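Taking it in order: structure first as structure tokens, then the write-up.
We did not get these values from a lab; they are worked out from the coordinates using the rules stated. These numbers come from a predicted model, not from an experiment. Neighbour counts are summed over all protein chains in view; Cβ atoms, including those assigned to glycine, are modelled from backbone coordinates with ideal geometry.
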Amino acid sequence: MTATDTASRPATDTGSRPGSQADPAVLRPHAEDAFAAELAALAAADDRPRPERWRLSPWAVATYLLGGTLADGTVISPKYVGPRRIVEVAVTTLATDRALLLLGVPGTAKTWVSEHLAAAVSGDSTLLVQGTAGTAEEAIRYGWNYAQLLAHGPSRDALVPSPVMRAMAEGMTARVEELTRIPADVQDSLITVLSEKTLPIPELGEEVQAVRGFNLIATANDRDRGVNELSSALRRRFNTVVLPLPEGVDAEVDIVSRRVEQLGRSLDLPAEPDGVDEIRRVVTVFRELRQGITEDGRTKVKSPSGTLSTAEAISVVTGGLALSAHFGDGVLRPADVAAGILGAVVRDPAGDRTVWQEYLETVVREREGWKDFYRACREVSA
């Protein structure tokens, strides 16, 4: 089965599915649904050359991720806060025949960037393979409808295409999340796809050839346990872009605030205009423990075993907002985030608890304006 060239979608069609607007009943809309209005505005204003089957030009894709204001006054919200050059390199990679590997420690927005890149390029971020220790080769290549297979033998009707196969046949962007979680022999099933741009189907004596517009975005980190290193042959097929942690506390506070606001809207949590003070405290604690030194550079501290990523800070603040909404007065206070911080820091009860207690007594206790935060943390840590 040699895939035939499919017709390109209209350049201004930003929805990948019929009626692809954000459904208010959906807990987490896909990027192309949640930001359909922005994608439509960019497509309408975008007069730059577009690679075949791309919904937007590379310039418009970068603008969608980094944010900006269009000529008609439409404001594009930033999806990624970080160096512009990183986004430009990632977008440019997708415009070539090289696959893109987003590499970084947990919490550097790899999955977030991957999803929004696919939404902007192809209008569909759902062609996804979620990598785990149990991911089988069928998830990347293809599977079979066993009822059809037993009744009629191998046939096209019995074939169940993977997201990667569908992306190849339709000229779309496929995503593989947590590539290093996948067993090494399954990872290597991507080598033929990425080098030859074809996926053989020996049972049918056929193959699927990638059409123009196909590419693949993978994410990986090498910090967590249970990581399966990529073979050198597979790594050579990717252009690797390393996503750094936020440089300063202000940038990280901005990221956490934006994501918490978005999550709060989807969970119907009340807006908290004064919550930035507690967000800054959470971010400061995580950064100091992560880096092993206080923000002023004066005091060295021990680091716990966890990563204390930006994503975990977002989770702690979101949980605190839920506590304040349902069991408090709706105002985010230290007591609302203290338990979440304890759970994020103390992953190893033996070693991490000592690290946390020492940090509380040597840093938090002596910090001006943090007495209420210290008392709340001490209360849940006792």
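A few remarks follow.
- Most fluctuating residue given options Trp356, Trp54, Trp370, as computed from a GNM of the chain linking Cα atoms under 10 Å: Trp370
- DSSP loop GluC sites (Glu not before Pro) with at most 14 other Cβ within 10 Å: longest gap in the chain: 53-202
- The fewest-to-most ranking of Thr180, Thr354, Thr96 by surrounding Cβ atoms within 10 Å reads Thr96, Thr354, Thr180.
- Take the Cα radius of gyration of region 249-381 and divide it by 2.2 N^0.38 Å, N being the number of residues; the result is 0.99.
- For the chain, average projected area of the Cα convex hull in nm²: 21.9 nm²
- Measuring r between the beta carbons of Ser77 and Asp329 and using R0 = 30 Å, the FRET efficiency lands at 0.50.
- DSSP beta bridges in the chain [antiparallel fraction, %, rounded to 5]: 40 percent
- Nearest-20 debye value, the chain charge dipole, Cβ charges on Lys, Arg, Asp, Glu: 600 debye
- Amide proton proximity set for Gly143, modelled H, under 5 Å, gap of 5+: Val160, Ser162
- Using a Gaussian network model of the chain in which every pair of alpha carbons under 10 angstrom is joined by a spring, one finds that among Asp329, Asp97, Asp296 the greatest mean-square fluctuation is at Asp296.
- For the chain, built as a Gaussian network whose Cα springs stay under 10 Å, the top-fluctuating residue of Ala151, Ala40, Ala133: Ala151
- Modelled label positions at Ser381 and Val89, each set 7 Å beyond Cα in the direction of Cβ, lie 3.8 nm from each other.
- Residue order, fewest to most beta carbons within 10 Å, for Leu150, Leu230, Leu269: Leu150, Leu269, Leu230
- Region 264-362: trypsin sites (Lys or Arg not before Pro) in DSSP loop, at most 15 other beta carbons within 10 Å: Arg298, Lys302, Arg347
- For region 88-242, the antiparallel share of DSSP beta bridges with both residues in that region comes to about 30%.
- Selection from Phe327, Ala344, Ile293 lying farthest towards where the dipole of region 276-370 points positive, charges on Cβ: Ile293
- Under Karplus coefficients 6.51, -1.76 and 1.60, residue-wise ³J(HN,Hα) of region 368-373 in Hz, glycine/proline x: 5, x, 10, 4, 5, 5
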